[in-house]
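Single-structure report; data block below.
What follows draws every value from the coordinates through simple rules; no lab data is involved. Note that the structure is predicted; figures quoted are calculated from it, not measured. When we count neighbours, we look across all protein chains shown, and the Cβ atoms used for this are built from the backbone with ideal geometry, even at glycine.
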Amino acid sequence: MRAFIDQYRHTHGVESVCKVLQIAPSGYRRYAAQQRDATRLSCRAKRDAELAPHIERKRSINRVSCAVQGQLAPLRAQVMQGLAQQTARQHGMQVGQQPPVSD
């Protein structure tokens, strides 16, 4: 919404655009003032701005981690299948064969 107001405020004026969008012009003006002067930001907004780079770094690490996990999934399945076959051979069984039932 704010980008839309920024785009059309020079041709139609802030009040006209805000009226059509049913937004209080004072809210837009407060936003614009905060964009010009960061000291007008609330304490929470200042803290959010400080934390944003850390959050983005963690997010990118998680994206890489998830991508690697996705690439490793087929390999993990192959390893598990190999372990199952090895264990079955050690016990004299074939993979897919049911173990003997003892009474």
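Structure notes:
- Local net charge near Tyr28, Cβ-Cβ under 12 Å (Lys/Arg +1, Asp/Glu -1): +3
- Restriction of the trypsin sites (Lys or Arg not before Pro) in the chain to DSSP coil positions whose beta-carbon has at most 10 other beta-carbons within 10 angstrom yields no sites.
- A Förster radius of 30 Å, combined with the Cβ-Cβ distance separating Gln85 from Arg57, puts the computed FRET efficiency at roughly 0.10.
- Computed over neighbours whose Cβ is under 15 Å from that of Gly70, the net charge equals +2, Lys and Arg +1, Asp and Glu -1.
- Chain lengthening between Ala77 and Asp6 when straightened (0.36 nm per residue, less Cα-Cα): 20.2 nm
- Across region 1-40, the fraction of Cα-Cα pairs farther apart than 15 Å, rounded to a whole number, is 34%.
- Net charge of the neighbourhood of Glu56, taken over other residues with C-beta under 13 Å away and scored Lys/Arg +1, Asp/Glu -1, is +2.
- Helical runs assigned H by DSSP (4 residues or longer) give the chain a calculated mean residue ellipticity at 222 nm of -26500 deg cm²/dmol, each run adding -39500 (n - 2.57) before division by the residue total.
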